[in-house]
Amino acid sequence: MVITEGLYAALLHGLTPAPPELGGLLGGRGGVLERMALDTGADLRKDCNVYCPDIRALNRILRMWAADGITFYGIFHTHPGAPGYERLSGADTAYIQRIMRSTAAELLYFPIVMAGKKLVPYAARQQNGQISIEKTVLTIV
C-alpha cells in the first residue's frame with residue numbers, strides 16, 4: 001500500500017480515537033493513496049464497536065472523485081489503540097468480501113487506523129472469483 005506522507009499523517013493524527021468506530025474512503029491516482037473522505041454521516045447510534053457507513057453519501061463522493069480522476073482504492077476504519085485490535089474482526093472481513101464482490105476491482109485496501117498510534121494496512125485481492133485478505137506492506141512517499 002503506497003500512501004502519501006500527508007494522507008498518512010491525516011489518518012494517524014487527524015482522527016479522534018473511537019468509540020464509536022469511524023471510517024471513510026481512500027482514493028488517489030497511479031496506485032498512490034493521496035485522498036480520504038471521512039464518513040461524517042456514519043450511524044453512530046449503533047454498537048460502539050462497529051463502523052456503519054453512510055453508503056449514499058459515500059457513493060456521492062465516489063462519483064465526484066471519478067469525475068475528478070480520483071480512483072477509489074479502499075476504505076479505512078478505526079479500532080481502539082489497545083494491543084490485540086490490529087486484526088480485522090469477523091464483521092470487518094465479511095464487509096470487505098461484500099465490497100469486493102460488488103466491484104470489479106482486483107485490489108483494494110482496508111487499513112485499520114489506531115488513532116495516534118499506528119496504521120495497520122490490509123489488502124483485499126480478487127482473482128478468479130476468490131477473495132483473499134491479508135496484511136500488506138506500507139510505503140509512505
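The values are calculated or read from the model by the stated rules, or taken from the named source; none is laboratory data. What you are looking at is a predicted structure, and each value in this text was computed from that prediction instead of being measured. Note that we place each Cβ from the backbone using ideal geometry, even for glycine, and neighbour counts take in every protein chain shown.
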Problem set entry | In the range 1-36, the residues that are closer than 23 Å to residue 87 by Cα, at pLDDT 95 or above and assigned to a strand (DSSP E or B) | 2, 3, 25, 26, 27, 33, 36
For this session: Output the residue which, of all residues in the range 95-128 that are under 19 Å from residue 29 (Cα atoms), outside any strand (DSSP E or B) and out of contact with any Asp or Glu (no Cβ under 9 Å at 6 or more places or on another chain), is modelled with the lowest pLDDT.
Result: 104
For this session: Give just the number: which of (1) within 21 Å of residue 22 (Cβ to Cβ); (2) out of contact with any Pro (no Cβ under 8 Å at 6 or more places or on another chain) does residue 104 not satisfy?
Result: (1)
Exercise. Could you give every pair whose Cβ atoms fall below 9 Å, whose first residue belongs to the range 2-21 and is closer than 18 Å to residue 71 by Cβ, and whose second residue is at pLDDT below 90 and not β-branched (Val, Ile, Thr), counting only separations of at least 6 or pairs across chains?
Worked result: 11/115
Problem set entry | Any pair with Cβ under 6 angstrom, 6 or more apart, that starts in the range 29-49 at a residue that is over 21 Å from residue 73 (Cβ atoms) and of a type outside the set (Lys, Arg) and ends at one that is modelled with pLDDT under 85 and assigned to a loop (DSSP other than H, G, I, E, B) | 43/52; 44/20; 48/19; 48/20
For this session: Just name the residue that is surrounded by the fewest Cβ atoms within 10 Å (Cβ to Cβ) out of those in the range 105-128 that are of a type in the set (Lys, Arg) and under 23 Å from residue 14 (Cβ atoms).
Result: 118
Exercise. Quick check: anything in the range 40-56 at pLDDT 90 or above and under 26 Å from residue 130 (Cα atoms)?
Worked result: no
Problem set entry | Pairs where the first residue, in the range 51-65, is at negative phi and the second is of a type in the set (Lys, Arg) and surrounded by fewer than 16 Cβ atoms within 10 Å (Cβ to Cβ), C-beta under 9 Å, 6+ apart | 52/45; 52/46
For this session: Scan the range 67-92 residue by residue and report those that are part of a helix (DSSP H, G or I) and at pLDDT below 95.
Result: 90, 91, 92
